[in-house]
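**Q** My questions will all concern the structure given below.
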């Protein structure tokens, strides 16, 4: 369904996977923010799925500054080691800059209604929170964001809708971190939080060891309802 386009910035060019809805006429856009495995089949499928729901969907290659076109999985020890290496090398602040560049490009697309949301997973879950705090995205969704508690001071910058999905048994977001996140955000007027008892990290990644179809579908419906409200 999708195609690759090039996004140009002052720092250089990077690719993004773009999927368009079948319906004609301007549609809201959603930026899909990758996990630590690059713009792989899982991220492309999510992007295609959003296009199937009527969104102009785009997934930028945020690892391009380290190595362009990373496309790996969680299926082998070597790939997992490479994924964590990339995570360690990744510049979060530059990543947010690249997300803003992607938002700007997709907002100017003739097929965009001028509304742009973002959804991120794992590393992308942290970036989705920072997207809500730092960019002009109209709404953001964060799935099990890693390291979000370390950026919680940026809560003061939140001015647009943010939805959080938190796995209560997340091995990468311990209970103490979850408590910090929830305490800081639960009373914020722009923030909606859902927690998932018994679920571990990446419970919404199809094919992953922790995938739970029932809760993944619940989270997916909540995300679509959130975007339907925030991006229309």
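**Q** Name every residue in region 51-67 that is touching a residue at least 60 places away in the same chain (Cβ under 8 Å) and crowded, with 22+ Cβ neighbours inside 10 Å, in order of residue number. Before the answer, list the steps.
**A** Step one: of region 51-67, the residues touching a residue at least 60 places away in the same chain (Cβ under 8 Å) are 53, 55, 62.
Those that are touching a residue at least 60 places away in the same chain (Cβ under 8 Å) and crowded, with 22+ Cβ neighbours inside 10 Å: 55, 62.
**Q** Identify the residue in region 72-90 that is surrounded by 13 or more Cβ atoms within 10 Å (Cβ to Cβ) and outside any helix (DSSP H, G or I) and, among all such residues, is nearest to the chain's Cα centre (by Cα).
**A** For region 72-90, the residue satisfying everything is 90.
**Q** Then there is this: For region 52-71, how many residues meet the condition of being under 17 Å from the mean Cα position of the chain (by Cα) and more than 24 Å from residue 231 (Cβ to Cβ)?
**A** Of all residues in region 52-71, those under 17 Å from the mean Cα position of the chain (by Cα) come to 53, 55-64, 70-71.
Narrowing the set further to residues that are more than 24 Å from residue 231 (Cβ to Cβ) leaves 63-64, 70-71.
Final tally of qualifying residues: 4.
**Q** Which of the residues spanning region 24-42 are surrounded by fewer than 24 Cβ atoms within 10 Å (Cβ to Cβ), assigned to a loop (DSSP other than H, G, I, E, B) and touching a strand residue (DSSP E or B) at 6+ places or on another chain (Cβ under 6 Å)?
**A** 26, 40
**Q** While we're looking at this one, here's another question. For residue 152, state whether it is in contact with a helix residue (DSSP H, G or I) (Cβ under 8 Å, 6 or more places away or on another chain) and either in contact (Cβ under 8 Å) with a residue 40 or more places away in the chain or over 30 Å from residue 113 (Cβ atoms) (or both).
**A** Working: in contact with a helix residue (DSSP H, G or I) (Cβ under 8 Å, 6 or more places away or on another chain): yes; either in contact (Cβ under 8 Å) with a residue 40 or more places away in the chain or over 30 Å from residue 113 (Cβ atoms) (or both): yes.
Answer is yes for this residue.
Here is a yes/no grid of residues against (1) crowded, with 24+ Cβ neighbours inside 10 Å; (2) touching a residue at least 40 places away in the same chain (Cβ under 8 Å):
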residue: 93; (1), (2): no, no
residue: 99; (1), (2): yes, yes
residue: 110; (1), (2): no, yes
residue: 117; (1), (2): yes, yes
residue: 122; (1), (2): yes, yes
residue: 131; (1), (2): yes, yes
residue: 134; (1), (2): no, no
residue: 138; (1), (2): no, yes
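**Q** Can I ask one more? Considering region 43-66 alone, what residues qualify as being part of a loop (DSSP other than H, G, I, E, B) and either closer than 21 Å to residue 204 by Cβ or in contact with a strand residue (DSSP E or B) (Cβ under 9 Å, 6 or more places away or on another chain) (or both)? Talk me through it step by step, then tell me what you get.
**A** First pass over region 43-66, keeping only residues part of a loop (DSSP other than H, G, I, E, B): 53-55, 61-66.
53, 54, 55, 61, 62, 63, 64, 65, listed by residue number.
**Q** Something else: Quick one: how many residues across region 162-219 are at positive phi and buried (at least 16 other Cβ atoms within 10 Å of the Cβ)? It would help to see each step written out before you state the result.
**A** Let us first name the residues in region 162-219 that are at positive phi, namely 198, 202, 207.
Among the residues that remain, those that are also buried (at least 16 other Cβ atoms within 10 Å of the Cβ) are: 202.
Qualifying residue count, region 162-219: 1.
**Q** Also: Of all the residues that make up region 164-187, how many are over 16 Å from residue 220 (Cβ atoms) and touching a strand residue (DSSP E or B) at 6+ places or on another chain (Cβ under 8 Å)?
**A** Selection size over region 164-187: 7.
The numbers here are math on the coordinates, done by the rules we state, and not lab data. These numbers come from a predicted model, not from an experiment. With ideal geometry, Cβ positions are generated from the backbone for all residues, glycine too; neighbour counts draw on all protein chains shown.
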